[in-house]
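Here is the structure we will look at, set down as structure tokens.
The values are calculated or read from the model by the stated rules, or taken from the named source; none is laboratory data. These numbers come from a predicted model, not from an experiment. Cβ atoms come from the backbone with ideal geometry, glycine included; neighbour counts cover every protein chain shown. With ligands, DNA and RNA removed, areas are computed over all heavy atoms of the protein, side chains included. Shrake-Rupley method; radii C 1.70, N 1.55, O 1.52, S 1.80 Å.
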Amino acid sequence: MGDRYVIEAMRAKGYNVGGEQSGHIILSDFTTTGDGLVAALQLLSVLQQQHRPVSEICSRFEKVPQLLQSVRFKHSKPLDHKAVVQVIAESRARLGKEGRLVIRESGTDR
């Protein structure tokens, strides 16, 4: 998703903690990008202050299932093809408000 979009969503909803499946954790009280060192130091600080094990501290977060799937497409612009657009629309309809579908072209395979 990218730190930029995560921080935008955090600001829109008034959150000060956000992250993504890549492992980026954003603590907006300290920084606007994913920073593992800042996240680790903050976790250690809470552990020290509360004298509790990490298993208890981290059990506060509800895991949300996520599926990341890459699809190879032989043509140059997949979103210009009616069949692709139709599959995306059907998938979004099937998910409804129970999830979301993020479609983006990746430039890392070229």
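Tabulated data for the structure shown
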| read-out | value |
| --- | --- |
| Number of the condition not met by I57 [criteria: (1) part of a helix (DSSP H, G or I); (2) at pLDDT 85 or above; (3) among the β-branched types (V, I, T)] | (2) |
| Selected residue [open to solvent by 100 Å² or more (accessible area, probe 1.4 Å), among the β-branched types (V, I, T) and out of contact with any Cys (no Cβ under 8 Å at 6 or more places or on another chain)] from V6, V71, V38 | V71 |
| Within segment 80-110, considering residues that are assigned to a helix (DSSP H, G or I) and open to solvent by 100 Å² or more (accessible area, probe 1.4 Å), the one modelled with the highest pLDDT | Q86 |
| Among the candidates V71, V64, residue that is outside any helix (DSSP H, G or I), out of contact with any helix residue (DSSP H, G or I) (no Cβ under 9 Å at 6 or more places or on another chain) and not basic (K, R) | V64 |
| Qualifying residue in segment 42-63 (condition: within 15 Å of the chain's Cα centre (by Cα) and in contact (Cβ under 8 Å) with a residue 40 or more places away in the chain) | no |
| Every pair of residues 6+ apart whose Cβ atoms lie under 7 Å, when the first sits in segment 25-37 and is at pLDDT below 85 while the second is part of a helix (DSSP H, G or I) | T31/V38; T32/I7; T33/D3; G34/D3 |
| Count of segment 12-54 residues which are β-branched (V, I, T) and in a helix (DSSP H, G or I) | 3 |
